[in-house]
């Protein structure tokens, strides 16, 4: 198995984007420097080899200290370490006699060329009876199945990411006032994340007030909040390379109107019922169906959908107001790896998988079927759930989401 570190990306001229290691590489190597590669070899001569940058005092003056080849074996518990410049020859050496290579083609053109060049050279040995990798297998076929099932240390980091994220959402409840700009709320979130030691955001925070909340991936965060509207905040931090993903929706002026509360409670009920459907052997499809039925029932109660619940579900008329799925995997990546279907069927949940549950309702500005007060309103509630041997653990349950809880927190500040 061969993995390469994430490349450095230039932001503008000679300024780089903040570096974040490739998740698969970090999962196996625990190493966050660029210009690195990891080679794992199984069999009687199994070994782990890290290739990395040599220490350069001049470069370290600008970028800070690096690990260095001489420290890698001790610090990272690999068997061998070499300069990255040695990769080409070492790769040829270790792929000779190897029949199968696990490598993800198409993500890094420079790495692809290095691998293809090595295989091209090895192919020339076939006339002399040489053996070289005739089969290349996607790394995710093995590695992503491992990542889908979280180990104890990963769950600990995820809990901390969620704890920090929860503190940031509470700070938003306490400090938001109608008339603030969305970017002011975003700044508060980012400040809380860093204050608590989170390395970075797990994704660009969504702060969507009023009609912006009907845009699922609103990111500009450039609108002034207005009293009487709802604000949707979808934000999470990354801690120890584990990502939190939390959404809360709350009133800009600290109080839900009766109709806003009614719509909010439909989404909350859908989320609670979907969460309680989580258990081993259930599926994300089944969880989604539970949420959809509750949302459609609520839309009918509001008079927005006229047909009966079963007909509305079968016809998909609800998708105008709820167009996304209820859950996705969560872990090192906010939309984490792992197949959603196995042998053509929805994957069965297992203990130590982590998923989100995030139903929502989004009412278009121009929809006459929606009460005028709700037009241009988006509501989503999202929590992070761990599958356990007996059911589930809501890792983010301490973050206020009941209407009375939210109003109480906002009124105390």
Checklist entry - Simple spin-label model, 7 Å along Cα-to-Cβ: residue 345 to residue 200 in nm? => result 3.9
Checklist outcome for this item: Simple spin-label estimate for residue 324/residue 404, 7 Å along Cα→Cβ, in nm, reads 3.0
Item to check | Gain on full stretching of the segment that runs from residue 55 to residue 88 - 0.36 nm per residue minus C-alpha separation | outcome: 9.9 nm
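What ranking do 56-63, 404-411 get when scored by the average of other Cβ atoms within 10 Å per residue, highest first? Write out the running numbers ahead of the final one.
Working: 56-63: 9.5, 404-411: 15.2.
Peptide ranking by packing, descending: 404-411, 56-63.
Using Cα pairs under 8 angstrom and six or more residues apart, how large is the relative contact order of the stretch 2-145, in percent? It would help to have the intermediate numbers written out before the result.
Values: 201 pairs, mean separation 27.1, N = 144.
For the stretch 2-145, the relative contact order is 19 percent.
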Checklist entry - By average Cβ neighbour count within 10 Å, what is the ranking of 95-104, 240-249 from highest down? => result 240-249, 95-104
Item to check | Segment residue 217-residue 8, length gained on full extension (0.36 nm per residue, minus Cα span) | outcome: 72.7 nm
Item to check | Potential lengthening between residue 75 and residue 152 on full extension [0.36 nm per residue; Cα-Cα distance subtracted] | outcome: 25.6 nm
Checklist entry - Between the stretch 168-221 and the stretch 1-42, what is the C-alpha centre distance in whole Å? => result 29
Checklist entry - Within the stretch 158-178, what residues put their amide N at less than 19 Å from the label point 7 Å along the Cα-to-Cβ vector of residue 412? => result 163-177
Checklist entry - Rounded to the nearest 500 deg cm²/dmol, what is the calculated helix-only ellipticity per residue at 222 nm for the chain, with -39500 (n - 2.57) per DSSP H run of length n ≥ 4? => result -11000 deg cm²/dmol
Checklist entry - Helix 152-175 sits at what angle to the longest principal axis of the chain, using alpha carbons and giving 0 to 90 degrees rounded to 10? => result 40
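Just want the ordering: 181, 329, from fewest to most Cβ atoms lying within 10 Å of their own Cβ.
Ascending number of Cβ neighbours within 10 Å: 181, 329.
So what is the relative contact order of the stretch 149-412, in percent, for Cα pairs below 8 Å that sit 6 or more residues apart?
Relative contact order for the stretch 149-412 comes out at 23 percent.
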Checklist entry - Of the listed peptides 39-50, 147-158, what is their order by residue-averaged count of other C-beta atoms within 10 Å, with the highest listed first? => result 147-158, 39-50
Checklist entry - Label points 7 Å out from Cα along the Cβ direction at residue 224 and residue 273: separation in nm? => result 4.1
Checklist entry - Could you give the angle, 0 to 90 degrees to the nearest 10, between helix 182-195's Cα long axis and the longest principal axis of the Cα atoms of the chain? => result 50
Checklist entry - Taking N as the number of residues in the stretch 2-145, what is its Cα Rg relative to 2.2 N^0.38 Å? => result 1.11
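Read the figures in this text as sums done on the coordinates, not as results from a lab. Remember, predicted model here, so these are calculated numbers, not experimental data. A quick note on method: Cβ atoms are made from the backbone with ideal geometry, for glycine too, and the neighbour counts reach across all protein chains shown.
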